[in-house]
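The values are calculated or read from the model by the stated rules, or taken from the named source; none is laboratory data. Computed from a prediction, not measured in an experiment: that's the story for all the values here. Note: ideal-geometry Cβ built from the backbone for every residue, glycine included; neighbour counts use all protein chains shown.
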Amino acid sequence: MEKLRGAFVECYDSTEPNRMVTAPGRINLIGEHIDYNGLSVFPMALDRKISMVFRARKRPGVRVCNLDSRYPPIEFEISASIEPYDVGQWGNYLKAAAQGLTLVNPGLIGFDAVVHSDIPVAAGLSSSSALVVATAFALIETSDMAVERDKLMNLLADAERYVGTRGGGMDQAICISAKEGHATRVSFDPIRLTHTRIPEDWLFVVANSLVTAEKSGAARAAYNERTRECREALVLVAGELGMMDEVDSYPRLLATVQVEQILLAAESALHGSLAKRFMHVVSEGVRVRRAEKAMRDSDIETFGRLMSESHRSLRDDFEVSGPELNELVEIAVKSGAEGARLTGAGFGGCVIALCTADTVDGVKTALESEFYAIHRVPADLGDSLFVARPGGGARVVEL
């Protein structure tokens with residue numbers, strides 16, 4: 001806090017900030033690449049977060065300094081059409097929030113801010129969505145707006161497409177409305193959140209593959225291609241079932257037709273990558289409900305098995321894993337984890353492993369000696385290998 005205050009005074013001519021917003025990262029426990037297909041997901045917020053101290057400006061613009069020297073200061077005016085920075089620039093996530101909120105309040109008042117994050121960047125832990133949410137909360141506060149949380153989740157999910165990635169609404173929903181100590185099933189159309197307390201003896205180890213989970217370039221193209229393939233596969237299966245008029249979404253399909261019948265239709269209608277993508281989406285949607293029940297029942301064995309099944313599906317059918325992610329999963333499971341999987345969009349980033357108090361140290365030791373010591377030990381291993389604590393949602397406090 002004192003570093004943020006001091007940096008604010010230095011950046012903005014001795015003016016003190018008067019408010020602070022925090023917004024958490026997240027891990028998705030199960031339900032990957034299905035939120036943009038309308039199916040429920042099951043994430044939890046982290047106790048790692050973005051912190052932003054800020055003060056309102058008189059002009060409708062945003063100025064932000066970052067304590068991390070890798071990210072240069074940014075400044076932009078708020079208008080009905082905000083021109084993006086070059087692809088990959090961190091300031092585009094702030095612009096995304098501002099552009100989205102102008103749809104409900106063209107008269108936004110801007111702010112000056114200093115930001116710091118202890119969420120590992122480009123690791124699939126939703127640091128970018130946390131930045132979007134933190135920016136939106138600051139704009140809402142300085143503009144004296146009132147936006148219902150459900151509407152804000154949807155608005156910011158759409159707004160983040162400003163950066164060019166066609167994702168779903170999971171990250172924004174869990175960042176805004178997580179409940180400390182709980183995992184949350186996020187359902188869509190309309191958005192609904194159902195919280196489940198995580199058993200106290202369940203521990204989730206996060207291990208970074210050290211492969212950057214980019215959201216630009218080839219990774220963005222691959223991500224958007226998966227979105228297109230999922231939609232195309234749905235249309236073909238609905239046609240095979242003779243239900244083009246009745247089935248226009250994956251939730252409607254799973255609610256209307258038995259899974260066995262769906263898979264038979266897919267076997268006839270789909271081939272190659274479309275068949276694989278469809279199989280992942282349908283099977284992952286089923287796994288989410290089973291995993292939620294397993295957590296309610298404190299059934300760690302079943303939850304762990306479902307996590308490992310999810311990873312195999314993401315590896316083989318959705319094809320978004322990689323050698324490092326697969327290696328981390330293998331090490332974690334053989335060293336005592338109940339199950340493990342990649343978390344986030346894939347193409348790099350992190351895996352999560354489900355452990356107990358009896359197994360967590362052994363799993364961490366194995367990952368350190370069998371992966372990090374061989375590949376390369378980061379300067380701060382604590383940012384690459386840590387136990388995730390289930391945190392709460394974003395909030396603003398007066399200073």
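Counting only residues that are outside any strand (DSSP E or B), buried (at least 24 other Cβ atoms within 10 Å of the Cβ) and either aliphatic (A, V, I, L, M) or out of contact with any Gly (no Cβ under 8 Å at 6 or more places or on another chain) (or both), segment 9-32 holds 0 of them. Is it the case that GLY392 is buried (at least 16 other Cβ atoms within 10 Å of the Cβ), without any contact (Cβ under 8 Å) to a residue 60 or more places away in the chain and over 19 Å from GLU32 (Cα atoms)? Here the answer is no, as GLY392 does not meet what is asked.
Quick grid of which residues meet (1) closer than 17 Å to SER40 by Cα; (2) crowded, with 16+ Cβ neighbours inside 10 Å:
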| position | (1), (2) |
| --- | --- |
| THR256 | yes, no |
| GLU260 | no, no |
| LEU264 | no, no |
| PHE278 | yes, yes |
| ASP297 | no, no |
| VAL329 | no, yes |
| ALA332 | no, yes |
| GLY336 | no, yes |
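Is one or more of the residues making up segment 370-383 in contact (Cβ under 8 Å) with a residue 12 or more places away in the chain, closer than 22 Å to PRO24 by Cα and not β-branched (Val, Ile, Thr)? Looking through segment 370-383, at least one residue is in contact (Cβ under 8 Å) with a residue 12 or more places away in the chain, closer than 22 Å to PRO24 by Cα and not β-branched (Val, Ile, Thr). Restricting the search to strands (runs of 3 or more DSSP E) fully inside segment 40-109 and requiring at least 3 residues that are in contact with a Leu (Cβ under 9 Å, 6 or more places away or on another chain) and not charged (D, E, K, R) gives 42-56. If the condition is being within 27 Å of ASP201 (Cα to Cα) and out of contact with any Phe, Trp or Tyr (no Cβ under 7 Å at 6 or more places or on another chain), then segment 315-337 contributes LEU325, ASN326, VAL329, GLU330, ALA332, VAL333, LYS334, SER335, GLY336, ALA337.
Candidates in segment 350-399 are the residues that are outside any helix (DSSP H, G or I) and among the acidic types (Asp, Glu); of these, the one that is nearest to GLY336 (Cα to Cα) is ASP358. I need the full set of residues from segment 180-228 which are within 30 Å of GLY91 (Cα to Cα) and either touching a Lys or Arg at 6+ places or on another chain (Cβ under 6 Å) or in a helix (DSSP H, G or I) (or both), in order please. If the condition is that a residue be within 30 Å of GLY91 (Cα to Cα) and either touching a Lys or Arg at 6+ places or on another chain (Cβ under 6 Å) or in a helix (DSSP H, G or I) (or both), then GLY217, ALA218, ALA219, ARG220, ALA221, ALA222, TYR223, ASN224, GLU225, ARG226, THR227, ARG228 are the ones that fit. Looking across GLY242, GLY217, one residue alone is on the phi > 0 side of the Ramachandran plot, modelled with pLDDT under 95 and either surrounded by fewer than 14 Cβ atoms within 10 Å (Cβ to Cβ) or of a type in the set (A, V, I, L, M) (or both). It is GLY217. Scanning segment 299-326 for residues that are within 20 Å of ALA388 (Cβ to Cβ), surrounded by fewer than 22 Cβ atoms within 10 Å (Cβ to Cβ), touching a residue at least 60 places away in the same chain (Cβ under 8 Å) and of a type outside the set (A, V, I, L, M) yields a total of 1.
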